[in-house]
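Shown next, in structure tokens, is the structure this report addresses.
The values are calculated or read from the model by the stated rules, or taken from the named source; none is laboratory data. Quick caveat: nothing in here was measured; it's all calculated off a predicted structure. Every residue, glycine among them, receives a Cβ derived from its backbone with ideal geometry; neighbour counts consider all protein chains shown. Side chains included, ligands, DNA and RNA excluded: accessible areas come from the protein's heavy atoms. Shrake-Rupley method; radii C 1.70, N 1.55, O 1.52, S 1.80 Å.
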Amino acid sequence: MKRPLLLLVGLAGLLLLVTGCTTTPDSPSADARWRPRPGIAWQWQLTGRVDTSVDVPVYDIDGFDQSAAVVSSLHGKGRKAICYLSTGAWEDWRPDAGRFPKSVIGRGNGWEGERWLDIRATDVLEPLMADRLDMCREKGFDAVEPDNMDGYRNRTGFALTAADQLRYNRLIARLAHERGMSVGLKNDLDQIPQLVGDFDFAVNEQCAQYDECGDMKPFVKAGKAVFHVEYELPVSRFCAESRRLKLSSMLKKYELGVWREAC
């Protein structure tokens with residue numbers, strides 16, 4: 001039996017109202033994501049017991065090592081928490097290390113116990129990274145810092161291309177966004193023009209030492225924070241330029257403990 005046209009239109013409108021015009025907790029809105037602005041202060045601590053007394057609005061801490069209680073403590077002090085994960089390299093001490101097949105584990109990346117991953121193998125890596133991002137979300141993190149996102153520029157043991165890296169980095173960004181978290185582009189300076197629209201902020205190491213901080217301008221121009229650290233230069237060598245560029249800069253030691261000297 002044919003339904004009257006007005007009834008069909010009414011039913012379609014009701015369906016759109018129910019399914020298309022509301023946002024459920026399981027379908028996070030892009031507008032709900034945290035978007036750090038240029039110049040915001042931060043702390044980056046990946047080793048030791050997290051010192052939550054540093055008076056800054058943003059903390060970047062290890063996603064595996066830190067608990068939901070630590071994240072909750074930071075939130076209780078009005079701070080945002082970024083979940084550090086290595087998404088481009090395998091780490092032999094992580095609890096899920098045994099889930100990575102040998103076929104995707106390549107050369108060492110210069111850090112003890114770490115090896116590059118074959119980011120072309122997204123059929124293998126996507127579910128593993130999705131589980132890691134689920135962990136960040138379940139602990140209450142606001143954002144993710146995925147590390148080792150520039151394997152194509154390194155000797156990984158795999159024939160990675162720039163296109164492979166773009167595809168993988170966008171995959172990680174999508175997985176984070178689907179879980180309601182913002183996500184930062186770690187280093188990967190050459191691909192900033194293509195990726196600035198996919199990421200909510202940037203994390204950079206040593207752009208001042210290598211005269212690369214100007215490469216971060218697309219993020220600042222887009223109103224997105226650039227969290228920046230130097231390890232070897234004194235603050236007198238980079239802070240003036242960092243302030244001019246509106247970077248969130250500080251001096252840290254390589255072990256990324258509590259100590260910091262901010263601009």
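Ranking Glu138, Glu212, Glu112 by solvent-accessible area of protein heavy atoms (1.4 Å probe, all protein chains present), from largest to smallest, gives Glu112, Glu138, Glu212.
Where both residues lie in the chain, what percent of DSSP beta bridges are antiparallel, nearest 5? Display every interim value, and only then the final one.
Working: 7 of 34 bridges.
Percent antiparallel among DSSP bridges in the chain is about 20.
May I ask for the net charge around Asn169, where only other residues with Cβ less than 11 Å from the Cβ of Asn169 are counted and Lys, Arg are +1 while Asp, Glu are -1? Each step should come with its number before you reach the end.
Numbers: positive: Arg167, Arg170, Arg174, Lys186; negative: Asp150, Asp164, Asp188, Asp198.
Neighbour charge sum, excluding Asn169 itself: 0.
Based on DSSP H segments of at least four residues, each scored -39500 (n - 2.57), the chain has a per-residue ellipticity at 222 nm of -8500 deg cm²/dmol.
Any lysines with Cα under 24 Å of the Lys253 Cα? List them, leaving off those in the same chain fewer than 8 positions away. Within the straight-line cut-off, Lys253 pairs with Lys80, Lys186.
For a distance above 24 Å, tell me the whole-number percent of Cα pairs in the stretch 41-182 that qualify. Walk me through the intermediate numbers first.
Details: 3197 of 10011 pairs.
Tail of the P(r) past 24 Å holds 32 percent of the pairs.
Angle of helix 162-178 to the longest C-alpha principal axis of the chain, folded into 0 to 90 degrees and rounded to 10: 60°. Please report the antiparallel percentage of DSSP beta bridges with both residues in the stretch 154-263, rounded to the nearest 5. Roughly 15 percent of the DSSP beta bridges within the stretch 154-263 come out antiparallel. Projected onto their three principal axes, the Cα atoms of the stretch 164-253 cover extents of 40, 24, 24 Å, largest first.
If I fit a long axis through the Cα atoms of helix 122-139 and take the longest principal axis of the Cα atoms of the chain, what angle between them do I get, 0 to 90°, rounded to 10? That helix lies at roughly 90 degrees to the long axis. Of the chymotrypsin sites (Phe, Trp or Tyr not before Pro) found in the stretch 185-249, those in coil by DSSP whose Cβ has at most 16 other Cβ atoms within 10 Å are Tyr210, Tyr231.
Based on the reciprocal of the average 1/r between different C-alpha atoms, the Kirkwood radius for the chain equals 19.7 Å.
Find how many whole Å separate the alpha carbon centroid of the stretch 105-174 from the alpha carbon centroid of the stretch 53-95. For the stretch 53-95 versus the stretch 105-174, the Cα centre distance is 18 Å.
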